[in-house]
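J.: This is the structure I want to talk about, given as structure tokens.
The values are calculated or read from the model by the stated rules, or taken from the named source; none is laboratory data. The model shown is predicted, which means the values in this text are computed figures rather than measured ones. Please note: Cβ atoms are built from the backbone with ideal geometry, for glycine as well, and neighbour counts cover all protein chains shown. The area values use the complete protein model at the heavy-atom level, side chains included, leaving out ligands, DNA and RNA. Shrake-Rupley method; radii C 1.70, N 1.55, O 1.52, S 1.80 Å.
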Amino acid sequence: MKIEVCLGSSCHVKGGQKILDLLKENIAKNHLNNEIELAGTVCLGECKSGGVNMKIDGTVVTGITEDGFENFFKEKVLAPLGK
């Protein structure tokens, strides 16, 4: 799985670095380092969403917030990996 977190201006202000840090932390905690390629990226063109945007295996996912991170991680990362 490849996850690209937007670190452009709008997402940066909305907490892009914090979301990237939470991803790193949760990937390590769940022993997924060999299953997930994590990277930062520039603007994905979805700046009007209420949170940080990212691509997961080429699909844009919008509006990720620190408060909603746990549900996002379970649904969009763990579940597709069968975890």
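J.: Across the stretch 8-20, what is the number of residues that are open to solvent by 60 Å² or more (accessible area, probe 1.4 Å) and not small (G, A, S)?
T.: Residues in the stretch 8-20 being open to solvent by 60 Å² or more (accessible area, probe 1.4 Å) and not small (G, A, S): 5 in total.
J.: Output the number of the condition that E70 fails; it satisfies all remaining conditions of (1) loosely packed, with under 14 Cβ neighbours inside 10 Å; (2) touching a strand residue (DSSP E or B) at 6+ places or on another chain (Cβ under 9 Å).
T.: (2)
J.: Hey, can you tell me all the residues within the stretch 10-46 that are among the aliphatic types (A, V, I, L, M) and more than 16 Å from G63 (Cα to Cα)?
T.: Hits for the stretch 10-46 are I27, A28, L32, I36, L38, A39.
J.: Quick one: is L38 within 14 Å of the chain's Cα centre (by Cα), part of a helix (DSSP H, G or I) and either under 21 Å from S9 (Cβ atoms) or not β-branched (V, I, T) (or both)?
T.: no
J.: Name, by its number, the condition in (1) in a helix (DSSP H, G or I); (2) in contact (Cβ under 8 Å) with a residue 24 or more places away in the chain that does not hold for N53.
T.: For N53, the exception is condition (1).
J.: Looking at the stretch 60-83, I want the residues that are touching a residue at least 12 places away in the same chain (Cβ under 8 Å) and closer than 18 Å to T41 by Cβ and have a partner that is of a type in the set (S, T, N, Q) and open to solvent by less than 30 Å² (accessible area, probe 1.4 Å) with Cβ atoms under 6 Å, at least 6 apart or on another chain. Which pairs are those?
T.: T62/S49; T62/N53; G63/S49
J.: Being at pLDDT 95 or above and among the polar types (S, T, N, Q): is that true of N71 here?
T.: Criteria met by N71.
J.: Next question, about the same structure. Checking the structure you have, find out if any residue of the stretch 8-30 is farther than 18 Å from G68 by Cβ, touching a strand residue (DSSP E or B) at 6+ places or on another chain (Cβ under 7 Å) and not in a loop (DSSP other than H, G, I, E, B).
T.: no
J.: While we're looking at this one, here's another question. Can you tell me which residue is nearest to G16 (Cα to Cα) among those in the stretch 36-65 that are modelled with pLDDT of 95 or more and among the charged types (D, E, K, R)?
T.: Per the criteria, the residue is K55.
J.: Also: Of the residues L38, L23, which is buried (at least 18 other Cβ atoms within 10 Å of the Cβ) and either among the polar types (S, T, N, Q) or closer than 15 Å to K76 by Cβ (or both)?
T.: Exactly one of L38, L23 is buried (at least 18 other Cβ atoms within 10 Å of the Cβ) and either among the polar types (S, T, N, Q) or closer than 15 Å to K76 by Cβ (or both), namely L23.
J.: Next up: Which members of the stretch 41-53 meet the condition of being hydrophobic (A, V, I, L, M, F, W, C) and buried (at least 17 other Cβ atoms within 10 Å of the Cβ)? Step through it out loud before you land on a result.
T.: So the first thing to find is which residues in the stretch 41-53 are hydrophobic (A, V, I, L, M, F, W, C), and the list is 42-44, 47, 52.
Within the stretch 41-53, L44, V52 qualify.
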